[in-house]
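Notes for the one structure printed next.
Just so you know, all these numbers are worked out from the coordinates, no wet-lab data involved. Given the structure is predicted, the values throughout are model-derived calculations rather than measurements. Cβ sites come from the backbone with ideal geometry, for glycine too, and all protein chains shown count toward neighbours.
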Amino acid sequence: MILTRRAVTEAISRGEIVIEPYDPARLSPNAYDWSLGDRIRICDGDLDAALPTPYQEVTIPPDGMVLRPGILYLGVTHERTSSERYAQLLNGDRTVGGLGIWVHVSAPLGHVGHAIHWTLEIRVARPVRVYPRMTFGKIIFLETFGDPASYQSLGRKYRRTGGIDISRLHEELT
Amino acid sequence: MILTGPEITKAVSDDRIRIDPFSAEQVNPNSYNVRLGDTLLTYTDEVVDAYRANPTSATRLDEQGLVLRPDQLYLGHTVERVGSDEYVPLLFGRSSVGRLGLFVEITAPIGDIGFHGQWTLMLSSVRPLRVYPGMKIGQIMFFVSKGEIDLYEGKYQAAAGPQASRYWRDRVVSA
């Protein structure tokens, strides 16, 4: 079951969901409309799942930055979100999709216990200019079924992140 | 409602979910990590035709891995056979894989209640990327359903290895 605006509001007031910074005006009927952080990493080399990803990190200037097809961008949500009770699903929104931007399509799940700025995997269909702090997508909160397990207790990678994370899959392949 | 990791483990032990082979180490708080199988299919014709059975070529992955090219679509498969007669499965890539610019499914994360088999992965990479057999590539989550259940009896039932699209079998021929 997906939490409604009112249920998210109540969960925030009980401390069961944390969104920082939090702006009630960003709540939509069944989601929170998060915004794009101002740092972005550009990955335009050849990649190997067994090696760390080379990248260049830049600040998106106030007058925007053009994203280009064929390049992988790793962005970050401006907000940090966490919940020990609800699972989270993060996606782009239809307005951003309509610009030909894929946001975080391959792994939208925030496991219970994730406390993170989300790393965004971004690719574009056509050149498109984006701006820091623009509304970029939605995050929804889901009730869970069964005994809970938390990311915080499993010692998994990425469980607390403050910035952009490159893939750490290589740690599993050594 | 989405199943928790402990509930997924419990459901495997009492057969509400079948995951084979199953390893407790691959259970996340709300999903199960699946691994990349060793066979990849590519379409060999320049243009893929939705109304035809398209010829494919199979490549076997060895320990050296294989570089996926951005202009190619690769059909891979999970090592694990995964299914449930009770819960709705959804397959996504893992974030570690997404951050490498690799998309693991295209537009269709939702599976059917009653499908059991190896899941076909639709692999497309933003950059050239070397991948390895057995790497944990995706995650399957399970959602509680509401209503009476009709089990899947579709054309990919009991899939073993990657399955090319069989859209051509569903072609509606106009009179």
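Quick check: Cα centre of the stretch B:34-113 to Cα centre of the stretch B:144-173, how many Å?
16 Å
What number, in percent, do you get for the relative contact order of chain A if the mean sequence gap of Cα pairs under 8 Å and at least 6 apart is divided by its residue count? Write out the running numbers ahead of the final one.
Numbers: 385 pairs, mean separation 51.5, N = 174.
It rounds to 30 percent for chain A.
Across the residues of B:21-31, average count of Cβ atoms on other protein chains within 10 Å?
Working: counts 0, 0, 0, 0, 0, 0, 2, 7, 16, 16, 4.
The per-residue average across the peptide is 4.
With each pseudo-label sitting 7 Å past Cα toward Cβ, what's the B:TYR51-B:GLU25 distance in nm, one decimal?
Output for this residue pair reads 5.1 nm.
Tell me the mean residue ellipticity at 222 nm calculated for chain A from its helices only (DSSP H runs of n ≥ 4, each -39500 (n - 2.57), averaged over every residue, nearest 500).
-2500 deg cm²/dmol
For A:10-19, what's the mean count of beta carbons from other chains sitting within 10 Å of each residue's beta carbon?
Working: counts 0, 0, 0, 0, 0, 0, 0, 0, 0, 0.
If you average over the peptide's residues, the count of other-chain Cβ atoms is 0.
By per-residue mean of other Cβ atoms within 10 Å, what is the highest-first order of A:110-118, B:102-110, B:59-67, A:33-41? Could you put the intermediate results ahead of the total?
Values: A:110-118: 24.0, B:102-110: 17.1, B:59-67: 12.6, A:33-41: 20.2.
The most tightly packed comes first, giving A:110-118, A:33-41, B:102-110, B:59-67.
Order by neighbour count: B:PHE92, A:PHE141, fewest other Cβ atoms within 10 Å first, most last.
Details: B:PHE92 21, A:PHE141 26.
So the ranking, lowest neighbour count to highest, is B:PHE92, A:PHE141.
Using the Cα centre as the reference, give the magnitude of the dipole from point charges on the C-beta atoms of the protein assembly as shown (Lys, Arg: +1; Asp, Glu: -1; all else neutral), rounded to the nearest 20 debye. Intermediate results must be reported in sequence, preceding the final value.
On the way: 38 positive and 41 negative charges, 142 e Å.
Roughly 680 debye, rounded to the nearest 20.
Each label point is 7 Å from the Cα along the Cα-to-Cβ direction; what then is the distance between the points at A:ASP23 and B:SER13, in nm?
For A:ASP23 paired with B:SER13, the spin-label model returns 4.8 nm.
Across the protein assembly as shown, how many lysine pairs, 8 or more positions apart or on different chains, have C-alpha atoms separated by under 26 Å? Please give the number. Walk me through the numbers on the way to the answer.
Numbers: A:LYS138/A:LYS157; A:LYS138/B:LYS146; A:LYS157/B:LYS10; A:LYS157/B:LYS136; B:LYS10/B:LYS136; B:LYS10/B:LYS146; B:LYS146/B:LYS155.
Eligible lysine pairs with Cα atoms under 26 Å apart amount to 7.
Output the peptides A:2-11, B:141-150 sorted from most to least packed, where packing is the average of other Cβ atoms within 10 Å over each peptide's residues. Mind dumping the intermediate values first?
Details: A:2-11: 16.0, B:141-150: 13.8.
Result, highest mean first: A:2-11, B:141-150.
Let me know the mean shielding of B:88-98 by other chains, meaning the per-residue number of their Cβ atoms within 10 Å of its Cβ. Each step should come with its number before you reach the end.
Working: counts 0, 0, 3, 0, 6, 5, 5, 17, 13, 6, 11.
Rounded to a whole number, the mean comes out at 6.
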